[in-house]
Amino acid sequence: MRAQLMRRTLLSLVLGLLFLSTPAMGSCLDNYQELLGQLQKQADFMQHTSMLLDPYISIQGLDKDGLKEHCQERPGVFPSKDVLQRLSRQEFLQILNTTLGHVLHRLRTLQKDIPKAQDLEKLNIAKLNIRGFKNNIHCMAQLLPGSLEKTEPTPTGPGASPSPTPISDAFQRRLEGCRFLHGYHRFMHSVGQVFREWGQSLSRSRRHSPRRGLRKGKHRTHLSSRNKRLMPRGWLPR
């Protein structure tokens, strides 16, 4: 009874964090900096292995006899950080949106291997997080040239496969699920780093803004003219 109460409390806390950081589905913020901050927080939250990978390993019994060591990301399933950094901002959002759509598809497949309802809580929370994140991706795309509504391209580089090859062996299927989730969390870490670079770029552009220089120039002109007015009679400027 106590364990069930703790799970419900955890669910309430996580959902509370989700809805605090995500606008209502279908609605969009029109403030670029605020929306970017939300995307950054969501990516940082979703990269934690405690949200999916750790409970999956425990549920599937992969935390015994050194099996966890085999739970490593399979190369090429998710785009690398270098690939993401080379994309334009609109391309990055398109790849991110499409890849997360594939992740939702794969989570529905993994759900079949988790028979107990209480073990599905974090999986369902993760799916809610992804849907909220995708909504904010759509909103950010509206603030950039072009729109995700125009095209929904399949990633041209490495990306999450929407249709994994069926695996008959139950153990191998669990192991592949573990590897996929490991890659997913690494991918979200890379996504968070890219969004952080967007924020740093915004800060640099503000520091070098022409308007800022003009305001400083006006301030100096104002001081100079005031000094001239305070100059005593009979004194001539050199």
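What to note about this one:
- Accessible-area order (highest first, 1.4 angstrom probe) of the listed residues LYS41, LYS112, LYS127: LYS112, LYS41, LYS127
- Label-to-label distance, LYS112 versus GLU197, with points set 7 angstrom from Cα along the beta-carbon direction: 3.8 nm.
- Accessible surface comparison of ASP65, ASP54, probe 1.4 Å, protein chains only, largest first: the order is ASP65, ASP54.
- Taking VAL83, VAL194 and ordering them by how much accessible surface each has at a 1.4 Å probe, largest first, produces VAL83, VAL194.
- Only protein heavy atoms count here; under a 1.4 Å probe, SER80 has an accessible surface of about 50 Å².
- Solvent-accessible area per residue in region 57-122 equals 54 Å², computed with a 1.4 angstrom probe and all protein chains kept.
- For region 172-181, Karplus couplings with θ = phi - 60° (6.51, -1.76, 1.60), whole Hz, Gly/Pro x: 5, 5, 5, 5, 5, x, 5, 5, 5, 5
The values are calculated or read from the model by the stated rules, or taken from the named source; none is laboratory data. Computed from a predicted structure; not experimentally measured. Cβ: placed from backbone, ideal geometry, glycine included. Neighbour counts: every protein chain shown. With ligands, DNA and RNA removed, areas are computed over all heavy atoms of the protein, side chains included. Shrake-Rupley method; radii C 1.70, N 1.55, O 1.52, S 1.80 Å.
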